[in-house]
Every structure is written in structure tokens, then in C-alpha cells.
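What follows is a single structure, written as C-alpha cells, with notes after it.
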Protein chains: 4
Amino acid sequence: MGYGGIRFMKGYKKPTVSIIGASGYSGAELTKILLRHPSVKLEKLYAHTQTGKNVRDVYPYLDTDAVYESFDGNLETDIYFLALPHGEALSIVPKLTNEGKTVVDLSGDFRLKSPEEHAAFYSGNKKPGSFLTYGLPELFHDDIKTAEAISNPGCYATSIILGIAPLVKKTLQDVLITNVSCTSISGLSGAGKSGKVELSFSEMSGNIRAYKAARHQHTPEILQALDTSTLQPDFGFTFTPMIAPLVRGIYSVLTIQLDRHISAADLDEHYRMYYRSAPFVRVQKSMPEIQHVVHTNFCDIHVANSADGGTAVIVTAIDNLVKGAAGQAVQNMNIMLGYDETRGLL
Amino acid sequence: MGYGGIRFMKGYKKPTVSIIGASGYSGAELTKILLRHPSVKLEKLYAHTQTGKNVRDVYPYLDTDAVYESFDGNLETDIYFLALPHGEALSIVPKLTNEGKTVVDLSGDFRLKSPEEHAAFYSGNKKPGSFLTYGLPELFHDDIKTAEAISNPGCYATSIILGIAPLVKKTLQDVLITNVSCTSISGLSGAGKSGKVELSFSEMSGNIRAYKAARHQHTPEILQALDTSTLQPDFGFTFTPMIAPLVRGIYSVLTIQLDRHISAADLDEHYRMYYRSAPFVRVQKSMPEIQHVVHTNFCDIHVANSADGGTAVIVTAIDNLVKGAAGQAVQNMNIMLGYDETRGLL
Amino acid sequence: MGYGGIRFMKGYKKPTVSIIGASGYSGAELTKILLRHPSVKLEKLYAHTQTGKNVRDVYPYLDTDAVYESFDGNLETDIYFLALPHGEALSIVPKLTNEGKTVVDLSGDFRLKSPEEHAAFYSGNKKPGSFLTYGLPELFHDDIKTAEAISNPGCYATSIILGIAPLVKKTLQDVLITNVSCTSISGLSGAGKSGKVELSFSEMSGNIRAYKAARHQHTPEILQALDTSTLQPDFGFTFTPMIAPLVRGIYSVLTIQLDRHISAADLDEHYRMYYRSAPFVRVQKSMPEIQHVVHTNFCDIHVANSADGGTAVIVTAIDNLVKGAAGQAVQNMNIMLGYDETRGLL
Amino acid sequence: MGYGGIRFMKGYKKPTVSIIGASGYSGAELTKILLRHPSVKLEKLYAHTQTGKNVRDVYPYLDTDAVYESFDGNLETDIYFLALPHGEALSIVPKLTNEGKTVVDLSGDFRLKSPEEHAAFYSGNKKPGSFLTYGLPELFHDDIKTAEAISNPGCYATSIILGIAPLVKKTLQDVLITNVSCTSISGLSGAGKSGKVELSFSEMSGNIRAYKAARHQHTPEILQALDTSTLQPDFGFTFTPMIAPLVRGIYSVLTIQLDRHISAADLDEHYRMYYRSAPFVRVQKSMPEIQHVVHTNFCDIHVANSADGGTAVIVTAIDNLVKGAAGQAVQNMNIMLGYDETRGLL
């Protein structure tokens, strides 16, 4: 049973939840999931820009009479999800943890342990006072269970770490990975609810655009989670993201050089074993498709390799707003509260 | 002046052209370009499945009174483009070349020199009697100039070879490339005018699907064009294609490991020099986008690298039906006929 | 309490359900809804073309271990949904009703009372032995409650009837409607899971196509449901459907000529009153959008009018696979079984 | 020969052209067409927000070394196209016509003859000093020929007027039209190059939204062009536009009540006769599709009717940026200069 669970399950009423930053795409997805969650009660929806509006008027598919409120610092509920732009959670999270609240922060503010990396990849001066437990349940389930506050992983990072971890975290015939090249395609909801011209339908229909080639801020997050210090010294990792004309989903192709030849069958079996207890990872015989995971918390993975067996090609698909954000955040909350990991997510 | 040019320019009338396989997407794009070409006369449009139909009824944007005909073996025109399914050009091309026709074949039938590779990646038994000159003008301009028959490159192959060639074909500070990982995203017109359920709008909207990971038939074509026998023995190359919800375009991300560190500025300058005489390659300061090249014969290339300079990330964009098929075919014809390479293509 | 409800609620176990024609888009949507329905147990999924396949392999988002079976005529469950191509339910429904089964047929086979109209708009010779209760709950709730078998309305018909009914079925200041022009745009899932070239992504991206202008088979269905015999003799009704590049949704614009001038406020109030007890109709202040109703059983309606008040413009939006098919079918089942109309649908 | 033609063709050099408002979507389309036009020379590209930028950097598909400039009031060229937001042409056009320039204004500033209608549908106070010749060549060819300045029609208006005119402007068996209901679907480029959230890809993918139901500013423009004062007093006209997830194109469905019954064949023949000299109107046997007209100056029209012949359903398709804006503007220029109407447009 998780830390939070001990606390909440002694009483008889459902723990209460608030979302700070509730009107963006991740906030709306959190709202949708938490409204249906059988074991928590969603109470406050804080949203600066939409204060005073009915939630239903902004997102008509959300079945609630709630009204967006401005966050006033009153801490009335038990659990807080933060879905704020990067930088804005830095000052709020400590206040919440000081009051003993259970917290899941969806921003990048508390993901990187290294202050130098944080400064290099996020806005310079402002730094987190402390790192929070990294909420990727498939790798860090036990840490999450006892944590009070969680830093929810980035969407690209989730799709990439889950594709590589079985070859890094567990031995397969002593194979070492020497080089990983990742390209990921993101749906446009990943850029947030935004009015930029370059994200307009007219500009993005029929279009593809890469950005931050080899320099994206999820790179240090991925390497930190994989703990690549355990790998051979000349291990290389390169990640390039792209946006394409779809709303939801992240599709990652990971080309992994191996220092010895492995059969596709052995690779596949290794991945199945590694994830045999992970309810949201599905190792698939056929190629993942975004449409198979959209609106779900699943990460689909397919394992292929080169004809000579020296290269693994791992393909993963998630919904960026679910397993890449709100779904995983609730999965973390479930674990912290001692609930079944899948509650409210199937 | 090209071989064909000598022949045709002595006379006073425009050379005549036919398309065999004119009713597919590549055939229609060829028709569109050749109807506007100032220096050839499009005469016959052969299309088995559409025989008897007005071209205008099948493709209303084509401004012609022509009618699709069944190919009867009569060779009345000077130049033949073949845009047939793989395997169907094998028996036709020799008849055309025997009659001294100028030929551009858009299929994969005559691309691979190695019979073993042809058998492995294309339909087994049938083999080409001979390899044709590989029609990638940016690399093989002189060969094309004197050729009578050309094998037009594959669409993925074009986008990838143009992205790698400057690092393989010309020395940059003695740098050697040790490993290349390619992922390419193709628009759905690349699959042809097809009635497969998995290519329907309902299945592909909002969807992405990789296929033939590390096993696509353009892999040997790329390696052959790059002549990787000149590279270091343990050179690795992996290519994985994907389809995404757009109609036209190929977007390729090439992650290239280098054996020494090179600055982005040096890489960029090297690419600009390498393509300084190539009218259809644009080395761009900003990231390519499909919308910048669609309906053009341009290949846009952007050169980036990792922070440590040890990895180059080359991003290329083409229109699969133009630079990846019909446009490049006409570019080849222009060179063979001694015309300016860009005639009818700007 | 509905007929079925009497029967089922005497016992203590959940009624069991089968779907005949479970592998198309409507069948898959039915499966999704029924798997989550708290008060029935989904048992058999019959699907001719997919017999023997795991449901999960065909639709990975469906969380079930079920296998598609061939319908063998054994009638083991209490309730049957038929999601078959038009014509195929004609012989099956009588067998089911003879055995006392509760039936919802999603095809057009039992919708038209007039044999002449059935022959004219559906395949000629085959005719239904009898008409079934028309399952549009907002108009025929009481009939549905006591019915054993229901003919589920067409998707266009649902979106149009709900937009017109308040002006036909209930008096508003004695206004009569003299003419109705409807245009509806359907998402491509409405054409079924199909491999037609003209429904491919390459043909439909960026495209729109009207069809059956003024001749669509939902026209007599709409007029029958409105019972336009009560209207003035020269009442005119014209309906033209279109397909556009979206997967789900029907968007209908109904331009309605009135014989006297009515204010927008009066119209709006009249619609709100008419639907005040309909849990799935939302009369909205702002224009409906497909994205507001997709994946829900709601029909959003907005009421506008011309500056002079002589014309009403009613705009409606539904999800064609939910309120236009599977959701409405389950809504009908709920009513027949005496459940709350919304059970399993919110 | 047109007015301008007399002036220009006496000399020996091509007339010169400038575009004021060159960096929006209509301005870019004008640039593309005029760069290829054989009989004018494009010189100045004025664009306030992009001043100083290379045209090629903003629109890489435009093959020009031009740089966007700020309009300084110097009038160096012979012809001016204005592609400005509504209201901004009001003060510029008089200056141009005073200097004897040939002008095509693409805004709505000079379209409406009635000051009351202008005030009601466009921004209140500012009014045009005078109405300009309405540049719909299929109806007003002779007026355009002798005009110095043209007001280019709205995109919706073009698609609708061309669909109705044959029944209003020319007698067909004495039939009178009593009522017209129009719904049009526009691609999103019609909203301009815009950064509004509601036009983002994430909001508009899979979405449809009507607006200004029965109140759009093209309504008076359409009625003025049709000169409906000639129609019977109780003639009714209602127009509702929608946006859908495509970039280019306007698709209009016109449901027209007739006071007597006409066969489809007679209607079709009447339309063919009416447009027999119009090079850009194609009366088609099959249903128009956006993909058939996109990137062309054609208006495709299909004529259908109800089973009883009392209602005509006319369906039209254009490219909003070509026949609905830039292409039609150049068509008008061609006529004014005495060129062939189609020059540079096929």
C-alpha cells in the first residue's frame, strides 16, 4: 500500500482532488479521467485564463457543472495535479508538499536531478529546490508507492524510455547497446491549446516539421531514467522530434545498435518478460498504430531487428495526453494511494 | 548535350512522348508535367485499367482531350516513360531499347545490380537482363547524359541518398561516417491509387504506421548508390519507413554517427558546396517542411548536429510524386535530351 | 418499466447480449459500449468475415478476450443487436422475435412502412414482413418502452428529425413550416469499413463530395417520422448529403421556411422546452461543433434565424457511430429493459 | 480590347504589376500566378508585417528573389492588386485610380452599392466613396472590359452566384425561382493566415463549425449581383457557411425551389448553354469534388433535381484562393488589358 493510501484508507470518504491548470489539453484530459474515477472526488478546477467560465462551455464533452476558478492558495483537497506551463510549478509544489498534500506535477520543473541540465534545457535562473520521484510506473513502481510528490514524465520520454528500458535495465544474453537513434512523431495537441500560426490547420495539414534535432529537453530526462552511467563509455544517444498532421499520439522509432547479434524471437521474448507485470504495456506481434492506443493509457511496443540481428528497431505508440500525461498521472496517483494501478483507466 | 539530344535537335520538330501506366498517381503527375513541358509533345497515354476513358474524367485537373489507350506494342513516339507496378517493366524495356527509344522506367525493376538482391527484395524469379543507368541527377549527371535508358530512383531512396551523399562522396576534414539510422515518413499517395481498407481515410486519419522496419527494398538501392564499399568495414545502415496522414511528401530524418566532431557551420558549408550546381537541392537554414516542397521538384535539406558535434542529423523533404517520381523522371529526360535540367519543372 | 425490463428484472442475473455483425464500425462501437455497460453481459460477437479472429487483434482498443464467431443460428442470449449490411437482417429478425428475443436492428430493413418506398430506396424484391417500432427515443419513447423489436434510425435521419421535430410535433404560435432544405456532412466512417478507392485517404484528404442529391434513402424515413401528412399540402423537403475529410460525425444544416416571423429567442425557448426531458439533446447557445459530440451520445442543436424572422436555420451535430447508430441502439435497449435511458452512455 | 489593353499594347514592354498585401494567402497565390504570367511583369510586393523578409523565406515554393517592402505610396507600376483586410483598401484605391492605375481590389470594401448594406455588413463608419465594377467575368464581362478598377467578388459569393445565375439571368421555360437555400463549406485558408486557437489543427481536425447562419456579409453581395429585384416579390434567399478540415476549396449546395417542374436534362442543357463561352466554368455530369478544382481557376457545377422536378439542387466547387480570389483577380486583369481571359491561368 502506498503512502497516501495509508492516510486515506483509514477514513471512510473518498479523497478529494484538485487540478491546477485545468483548462489546457492535459488538464481537460485529467478532468475527464478523474470525473469517472470511482475512488476519488474531483473538486476544484483552477484555470487562470478561463476563470469564471463553465467547464462545459469550454469542453462540452466534459459532463460536469463545475466552473473554472482562480487558484487562491487555499488548500482544501487531499490531492493536487499540476498541469501548468514549465516554470510555474516551481513555487507551488513546495507549498503543497509542506502541507502534506499528495502531488503529481505534469511539468518538466522537477524532472532533472542535475541543476546544470535543468538550467540548460529549461528557463535559466529558476531552479527546483529538490528533485521529485520520477513517475514512470513501469520502472519505478516501488519509489512511487512511497512518494508524496511525483514528477510525471514527458510524453516523448515515456514513449522512448519504455522502448529502450528492457535492453538497459535487464540483461539479455550479455548484449550491450552501443548507440540509440530516436525519432518521434507527435500529434499537435502536444504543443498545447495554442494560437500560433505555425500550428494552424492551414499550415499543418499535409505538413511535417522536425524541431530541436538532437537538442530536445527530453534527452537528459531519458538518459537520467535509463541511468546510462551503467552503459559503456562511448554510448551514443540522439533524439529528434517531429510534428505531423494528427491531434493525439506519439509514435517513436528507436534504432538500437547492439554489440552482438540477437534473434527477433529472443528480443520479443525478452520484452514480453520484462513487461509481464505492466498492465499498460502491450508487446504486440504487429506494428503499433496510433489509432490502437488513442484515448487509452496503453503503450504498444513492437520489436523488430535487422536481417543480421545487429540492430534492434523498437517501435512504440502512446496517446500523448493519456499515457504521455494525464493517464500516467492518474496511474501514479493510484499507486501512491494504494489503489489498483489501472483503476479508472480501463 | 545528351545522347537523345543529339538525335532530336537535328530535326525541327519536338520529340514525342508516351506514358505506359499513365493512370496511377505517378502517371497522372507525369501527364501534368509533360502537358506543360515546352519542348516535348505528349502523345500516347497507355493505361490498362482505364482504357477508353477520357483522361479528363479520371483526373479533371488534367487539361487534355486525350483518352487512355491499351498498350498495343506499336512504338510510334520517341520517348517512353514507364510507370508500372514492379515486375511489369521487365519485358517491355528491352523492346523499347532495341528500337532505339529513349526510356525512363519508374519501377524498381532495373535498379539493383545484384541479381541476389533483386531476387530478395523484388519478386523472386523474374530478373532484369541488365541494370540501367541510375537516374539520380545530383550524383550521376554525366552517366545520365549519355544513357538511352534510365532507371528512376525510388522515392525514399532519393530523399535519403541526397541527405547522405555529401558525407560519403566528398571528403570533409577526413570525417568518416560509421553509422546511419534513417526514418522516413511517406504520404499515402506513395502507396498508389489503392482500395485497401488500411489506406482508407477512416483508418489513416490521425494514424501512423511503420512497416518493413530495417527490411525495406530501398535499402540495397541506397547502399548501391552510395557505393558503401568505399566506407569502413563496420559501417551500419538501418532504414525504417512510416506512413502518416498526408497525401504527398517524404520526410526523412538521418541520424549519422561521425568518427570525429564537426561543427554545424562546417557541415552546412560542406552541403552547400556539394550541391552548389544542383538546381533542385536547397540547403536551408531552417527546418524543411513538406508544405515547402509539395508540388515542386525541390529537395530541401537542413543540416543539424548534436551538441558535441559527433552526430549529424540531416533532415530532407521532397514531394514523393515529383522529385520522388515524375519530376525526377522528367529531369532525367531533360538531361538525356540535352535540355536544361529544369525545363518544364519550375 | 419496459417490456423487456419486466422479464429480466424478475431474475437476479444480468440479461445477456449478442451482436450479429460485430466487426464493422457500428459493431465495434456497440462492443465498446456494451463491454462497459453495467447492467448487461456481452456474450457473443458474430462476424462473418472475421470469424476466428481475436476481437483485440482487429480492434486493439477493445478490452476483451472474445473471439469473432460465425452466426450458427443458436439463440443463447436474451438480447440481439444486428449491425448488418442492408438486406441481411430481413430473414434473421423474424427468427429472433419468434423466439421472444429483444432485438435492435441497426439496418434500414425495417424502417419504412410503405412497401413501395422500401422497394424504391432499398434493394427491390426483398421486403420486410412487417415494420418495427422506430427507435428514436426523443419522439417515440412510449412505443419503444413496450416494443420487443426496434428499428434503429439512420444516422442522417437522426440528426435531421431531431432538428425539425420541435416545429412539427408541437405548436409554436401557430407557425407552420412550408419548406425544409437539409444539407448534411458525414464523416467517412459512415460509409463503413471499406476498401473503395474513392474512400482512400489520398482521395478524400482535402476533398468534399455530395451524393444522391435530393434522392437519399433517409428522405422517406425522415418524412415518415415527422408524419408530414399533418403538414400543409405543398410542404417541400429536400435533403442532400456530403462526405468530408473527417472520420466521425454528422453535421446538419436545416433551412426552414416559416409561414410567419418568429424571434430567435422564441425559437430557442421552444426547442429548450421541447427537449427539456431528453437527456441526450442539448440546445446550445453557440454553434455546434463535431468535436463537442464525438464519442458521445449527445445531439447538440443550435437555433438561428434570418434577420426578418421568416426563416429558421437549425444546426445539429451528432457522432454518427454513437447517437447515429450504436449509442442510440443501446439507448433503445435501456428503455426496452426499463433501465435509465442513459445507463452506460455517459 | 479592354481599356487597359489599349493603353498597354501600344507600347512594347510588358505592363508592370504590384501587389499591396502580398504576404497573406491570397497575396501569395497572386504572387505565384503573376510570376508565371507571360504578359505582365511582377515588380513590387508590399507587405506590412513581413517587410524586409525574402519572399522565398516566407513561401519557399515561390520562385523569386523578391523582398517584401512597406508600401510607401510611390506608384511606379501600371497595375495594382490589393489583398488587404477589409477596410484598408478604402483610402488606397482612390489614390490609385486618380493616377490612372489599373486596379483589382480583392477586399469587400467596394462590393456593395448600398451604403446601408455596407454599413450593416462591414465596419460601420468607413464607407467607400464609390462602388467599383463587380468583377465576376461570367456575368459582367463587358463591364469589366472597359473598367479601370474592379472589385473582386467574395469567395462564397463566386461559388453561389455561378450556381444560381443561369436560372435568374436567362429564361428557362418561364420557370421562376421562389426560394434558394445555400450551404457552403470553406477550407480554412479562407480565414486567412491566422493564429486563432479555434483555427488550430488540434481544434479543427475532425471538426465542422457553421457561423453567421443566415447573416453572412456575402448575402447582400449575392443578391445584388443576381439583381433579385427582377424576381418575384416573395423570393427568399438564405445562406449559411461552414468551415471544415481542409485547407482550400469552397463547396456549395444550392437547393432551389422552382415554380414549375423541370427535368434534370433540361436543367443541365440550360446550364451548359448559359456557360458555353465561359472558359472556367465546367458543367459536369458527375458530382463536383474539391480535389478536381483545387489549384485551378475552374468552377465545377453539377445540376441535379428532386424526383418530382420541383426542386433543383445545384452543387458547385471552386478553389477559394484561385477562382475565389487570386485567379479571378488575374482573370479580371486579363480582360481589362485585352488579353485572352485564360492567359497565365491554365
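Taking the range B:191-211 as the range and being in a helix (DSSP H, G or I), surrounded by 24 or more Cβ atoms within 10 Å (Cβ to Cβ) and within 25 Å of the chain's Cα centre (by Cα) as the test, only B:204 passes.
Put simply, of B:303, B:330 the only residue that is within 11 Å of another protein chain (Cβ to nearest Cβ) and either touching a His at 6+ places or on another chain (Cβ under 9 Å) or acidic (Asp, Glu) (or both) is B:303. Kindly establish whether residue D:104 is among the hydrophobic types (A, V, I, L, M, F, W, C), more than 24 Å from the chain's Cα centre (by Cα) and at pLDDT 95 or above. Criteria not met by residue D:104. Look at residue A:172 and say whether it is away from chain B (no Cβ under 14 Å) and within 30 Å of residue B:243 (Cα to Cα). Against the criterion (away from chain B (no Cβ under 14 Å) and within 30 Å of residue B:243 (Cα to Cα)), residue A:172 does not qualify.
Is at least one residue of the range B:120-127 in contact (Cβ under 8 Å) with a residue 60 or more places away in the chain and within 14 Å of the chain's Cα centre (by Cα)? Checked against the condition, which is being in contact (Cβ under 8 Å) with a residue 60 or more places away in the chain and within 14 Å of the chain's Cα centre (by Cα), the range B:120-127 yields no hits at all. Suppose we filter A:256, A:290 for residues that are surrounded by 22 or more Cβ atoms within 10 Å (Cβ to Cβ) and in contact with a Phe, Trp or Tyr (Cβ under 7 Å, 6 or more places away or on another chain); which single one remains? A:290 is the lone residue from the list that is surrounded by 22 or more Cβ atoms within 10 Å (Cβ to Cβ) and in contact with a Phe, Trp or Tyr (Cβ under 7 Å, 6 or more places away or on another chain). Residue by residue through the range D:27-63, note down the ones that are away from every other protein chain (no Cβ under 11 Å), among the hydroxyl-bearing types (Ser, Thr, Tyr) and closer than 17 Å to residue B:292 by Cα. The one that is away from every other protein chain (no Cβ under 11 Å), among the hydroxyl-bearing types (Ser, Thr, Tyr) and closer than 17 Å to residue B:292 by Cα: D:31. Condition first: surrounded by fewer than 24 Cβ atoms within 10 Å (Cβ to Cβ) and assigned to a helix (DSSP H, G or I). Can you find one or more residues in the range C:303-323 that meet it? Within the range C:303-323, none of the residues are surrounded by fewer than 24 Cβ atoms within 10 Å (Cβ to Cβ) and assigned to a helix (DSSP H, G or I).
With respect to the conditions (1) within 14 Å of chain C (Cβ to nearest Cβ); (2) in contact (Cβ under 8 Å) with a residue 60 or more places away in the chain; (3) of a type outside the set (S, T, N, Q), residue A:336 falls short on a single one, namely (1). Evaluate the range A:280-303: report whether one residue or more is more than 24 Å from residue A:186 (Cβ to Cβ), without any contact (Cβ under 8 Å) to a residue 12 or more places away in the chain and over 15 Å from the mean Cα position of the chain (by Cα). No, the range A:280-303 contains no residue that is more than 24 Å from residue A:186 (Cβ to Cβ), without any contact (Cβ under 8 Å) to a residue 12 or more places away in the chain and over 15 Å from the mean Cα position of the chain (by Cα). Just one of the listed residues (B:256, B:262) is over 19 Å from residue A:313 (Cα atoms) and either part of a loop (DSSP other than H, G, I, E, B) or modelled with pLDDT of 95 or more (or both), namely B:262. Of everything in the range D:277-293 that is in contact with a strand residue (DSSP E or B) (Cβ under 9 Å, 6 or more places away or on another chain) and part of a loop (DSSP other than H, G, I, E, B), the residue that is farthest from the other protein chains (Cβ to nearest Cβ) is D:278. The set of residues in the range C:235-251 that are more than 7 Å from chain D (Cβ to nearest Cβ) and within 17 Å of residue D:309 (Cβ to Cβ) comprises C:235, C:237, C:239. Note on the range C:265-276: residues that are basic (Lys, Arg) and either touching a Pro at 6+ places or on another chain (Cβ under 7 Å) or not in a helix (DSSP H, G or I) (or both) total 1.
The set of residues in the range A:19-39 that are in a loop (DSSP other than H, G, I, E, B) and touching a Ser or Thr at 6+ places or on another chain (Cβ under 7 Å) comprises A:22, A:23. Note on the range A:142-190: residues that are outside any helix (DSSP H, G or I) and of a type in the set (A, V, I, L, M) total 9.
Please enumerate the residues belonging to the range C:218-253 that are under 18 Å from residue C:157 (Cα atoms), part of a helix (DSSP H, G or I) and not charged (D, E, K, R). Result: C:218, C:219, C:220, C:222, C:223, C:224, C:225, C:226, C:228, C:229. Among the conditions (1) away from chain D (no Cβ under 14 Å); (2) under 15 Å from the mean Cα position of the chain (by Cα), residue B:267 misses just one, which is (2). Need pairs with beta-carbon distance below 6 Å; first residue not assigned by TED's automatic domain parsing to the domain that holds residue A:28 and aliphatic (A, V, I, L, M) and within the range A:186-199, second at pLDDT below 95 and outside any loop (DSSP other than H, G, I, E, B); sequence gap 6+ or separate chains. Close Cβ pairs (under 6 Å, with a partner that is at pLDDT below 95 and outside any loop (DSSP other than H, G, I, E, B)) amount to A:199/A:191.
Filtered by the rule that a residue be free of Cβ contacts under 8 Å to residues at least 24 places away in the same chain and of a type outside the set (D, E, K, R), the range B:200-214 gives B:200, B:201, B:202. The set of residues from the range C:43-52 being assigned to a loop (DSSP other than H, G, I, E, B) and surrounded by 17 or more Cβ atoms within 10 Å (Cβ to Cβ) comprises C:47, C:50. In this entry, residue D:342 passes the filter for residues that are surrounded by fewer than 24 Cβ atoms within 10 Å (Cβ to Cβ), under 18 Å from the mean Cα position of the chain (by Cα), of a type in the set (Val, Ile, Thr) and not in a helix (DSSP H, G or I). Does at least one position in the range B:147-165 carry a residue that is modelled with pLDDT of 95 or more, on the phi < 0 side of the Ramachandran plot and more than 18 Å from the chain's Cα centre (by Cα)? No - not one qualifying residue is present in the range B:147-165. Pairs, please: C-beta under 6 Å, at least 6 apart or cross-chain, first residue under 15 Å from residue A:29 (Cβ atoms) and in the range A:55-76, second surrounded by fewer than 17 Cβ atoms within 10 Å (Cβ to Cβ) and β-branched (Val, Ile, Thr)? The qualifying pairs are A:55/A:64. Pick from the range C:194-233 the residues that are within 14 Å of chain D (Cβ to nearest Cβ) and small (Gly, Ala, Ser): which of them is nearest to residue B:28 (Cα to Cα)? Ranking the candidates gives C:202 first.
Assess whether residue A:39 counts as being among the hydroxyl-bearing types (Ser, Thr, Tyr), buried (at least 19 other Cβ atoms within 10 Å of the Cβ) and at pLDDT 95 or above. Judged against the criteria, residue A:39 is not a match. Kindly check whether there is at least one residue in the range A:117-138 that is of a type in the set (A, V, I, L, M), touching a helix residue (DSSP H, G or I) at 6+ places or on another chain (Cβ under 9 Å), closer than 24 Å to residue A:215 by Cα and surrounded by fewer than 15 Cβ atoms within 10 Å (Cβ to Cβ). Scanning the range A:117-138 turns up at least one residue that is of a type in the set (A, V, I, L, M), touching a helix residue (DSSP H, G or I) at 6+ places or on another chain (Cβ under 9 Å), closer than 24 Å to residue A:215 by Cα and surrounded by fewer than 15 Cβ atoms within 10 Å (Cβ to Cβ). One residue alone among B:271, B:275 is more than 23 Å from residue A:237 (Cβ to Cβ), outside the structural domain of residue B:105 (by TED's automatic domain parsing) and in contact with an Asp or Glu (Cβ under 8 Å, 6 or more places away or on another chain), and that residue is B:275.
The values are calculated or read from the model by the stated rules, or taken from the named source; none is laboratory data. Just so you know, these numbers come straight off a predicted model, no measurement behind them. Every residue, glycine among them, receives a Cβ derived from its backbone with ideal geometry; neighbour counts consider all protein chains shown.
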